[in-house]
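Reading through the structure tokens given below for one structure.
What follows draws every value from the coordinates through simple rules; no lab data is involved. Quick caveat, the model's predicted, so the values are computed rather than measured. Backbone-built Cβ (ideal geometry, glycine too); neighbour counts: all protein chains shown.
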Amino acid sequence: MFSKTIGSKGNTIERSPGTLNLIKIFMCGDVMTGRGIDQVLPHPSNPVIYEPYVRDARRYVELAERVNGHIHQPVSFSYIWGDAVNELERMTPDLRIINLETSITKSNDYWEGKGINYRMHPGNIPCITAAKIDVCSLANNHILDWGYAGLNETLATLRKVNIKYSGAGRNIKEAETPAVIQVQDKKSRVIVFSLGSFTSGIPFSWAAKENRSGVNLLKDLSGKTIRRIKHSIQELKREGDIVVVSIHWGANWGYEIPGEQIDFAHKLIDEAGVDIIHGHSSHHVKAIEVYKEKPIIYGCGDFLNDYEGIGGYEVYRADLGLMYFLSIDPSNGKLVNMEMIP
């Protein structure tokens with residue numbers, strides 16, 4: 001049996017998966033388990049929030065119930081994933097990567113002026129382990145919603161349940177450090193770098209410093225940035241490793257892919273040695289490109305959120321999400337097969 005994929009020039013490439021020691025990676029976009037979702041889980045946070053029009057997180061539960069009916073609370077930790085848990089078990093990926101779009105904290109020290117502040121109670125972390133997530137990308141515009149204390153508690157909570165993370169840390173060195181995962185029963189490792197662009201709404205003040213926690217901020221898409229990423233990859237990459245760059249970039253709405261994002265993605269592959277680009281920030285699915293037999297997901301779209309009761313932007317069908325399963329040949333980092341499950 002042969003697997004087919006489309007090459008960068010539109011040609012069909014056939015390979016026999018039976019002859020390859022493929023690595024299957026699951027990835028998705030934003031996983032926001034705060035606010036309304038947090039409120040229906042067994043350990044809800046203080047519901048007080050500081051949005052311009054909503055001051056109680058339970059309001060988002062009420063809005064969701066208007067659309068989809070009564071929610072019997074508390075729900076189980078796996079409930080929020082719906083059928084996705086069964087799909088994950090059926091597809092048996094070697095690795096599971098998400099963009100975690102919320103702080104995990106009991107802190108009440110919210111970031112003033114932010115407008116929207118997401119948090120989940122640390123007691124609800126089993127909702128992440130229920131899906132057996134291996135890596136959380138943290139370089140996004142909500143990870144410091146509840147201040148530095150909130151970020152530090154998020155990191156500690158993930159470490160406590162043995163979930164690796166990248167893209168944020170207690171200092172710049174830690175924020176820039178990728179997650180490195182040894183794939184069980186295989187010789188390959190998967191190296192996950194995470195970066196967040198100010199174009200996604202990350203304040204410049206959130207950038208990690210030598211003596212301050214924060215995110216791995218992608219300040220620009222320049223050649224200098226490419227060279228810095230290349231250097232970091234070369235320090236770690238061994239034969240058979242697969243390199244993922246997870247990027248939180250761009251606006252929430254709109255299908256257009258800026259030319260500078262396309263150029264940057266291509267250079268990450270051509271010059272820095274990246275195998276997979278895991279893009280997110282858009283609330284809806286955006287374009288996918290297979291460039292030189294390597295996948296570029298420009299915007300995965302949201303996967304979990306509490307937005308179903310909020311009107312607007314229906315044309316983008318943000319209520320539809322995708323699970324991405326990528327099978328990669330570790331001998332060359334090339335895509336052999338991709339399955340997308342709605």
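Ignoring the sites themselves, what is the longest stretch of the chain with no GluC sites (Glu not before Pro) in a DSSP loop and at most 12 other beta-carbon atoms within 10 Å?
1-111
Where the centroid of each part is defined by its Cα atoms, how far is the range 96-127 from the range 144-191 in Å?
So the two Cα centres are separated by 15 Å.
With only Lys, Arg, Asp and Glu charged, each at its Cβ (+1 for the first two, -1 for the last two), find how big the charge dipole of the range 189-313 is about the Cα centre; round to the nearest 20 debye.
It works out to roughly 520 debye.
Could you work out the relative contact order of the range 16-113, using alpha carbon pairs under 8 angstrom and six or more residues apart, expressed as a whole percent?
Answer for the range 16-113 is 45 percent.
Rounded if a/c is under 1.5, else prolate if a/b is larger than b/c, else oblate: which is the range 93-133, with a ≥ b ≥ c the root eigenvalues of its Cα gyration tensor?
Oblate.
Once the Cα atoms of helix 223-236 and of the chain are each reduced to a long axis, what angle between those two axes, in degrees from 0 to 90 to the nearest 10, is obtained?
80
Taking the inverse of the average 1/r across all pairs of different Cα atoms in the chain, what Kirkwood radius in Å do you get?
20.3 Å is the Kirkwood radius here.
Please state the relative contact order of the chain as a whole percent: Cα pairs under 8 Å, 6+ residues apart?
In percent, rounded to a whole number, it is 20.
Only four residue types carry charge here, +1 at the Cβ of Lys and Arg and -1 at the Cβ of Asp and Glu. Report the dipole size of the range 148-231 about the Cα centre in Debye, rounded to the nearest 20.
320
Could you tell me how far the Cα centroid of the range 314-342 sits from the Cα centroid of the range 42-61, in Å?
Spelled out, the Cα-based centre of one part sits 33 Å from the other.
For the residue pair K219 and Q184, what label-to-label distance in nm results when each label sits 7 Å from Cα along the Cα-to-beta-carbon direction?
Computed distance between label sites K219 and Q184 equals 4.1 nm.
Mind putting a number on the dipole of the chain about its Cα centre? Charges go on the C-beta only, +1 for Lys and Arg and -1 for Asp and Glu, and I need it in Debye to the nearest 20.
Using only the charged Cβ atoms, the result is roughly 900 debye.
Identify the trypsin sites (Lys or Arg not before Pro) of the range 220-273 meeting these criteria: DSSP loop state and at most 15 other C-beta atoms within 10 Å of the C-beta.
Sites meeting the loop and neighbour criteria: R238.
Mind checking which of S282, I229, M340 is farthest towards the positive end of the range 198-342's charge dipole, using Cβ charges of +1 (Lys, Arg) and -1 (Asp, Glu) about the Cα centre?
Of the options given, the answer is I229.
On a 0 to 90° scale, report how tilted helix 259-270 is relative to the longest principal axis of the chain, with both axes built from alpha carbons and the result rounded to the nearest 10.
It works out to around 50 degrees.
Taking a ≥ b ≥ c as the square roots of the Cα gyration tensor eigenvalues, with a/c under 1.5 meaning rounded and otherwise prolate when a/b beats b/c, else oblate, which class fits the range 28-107?
prolate
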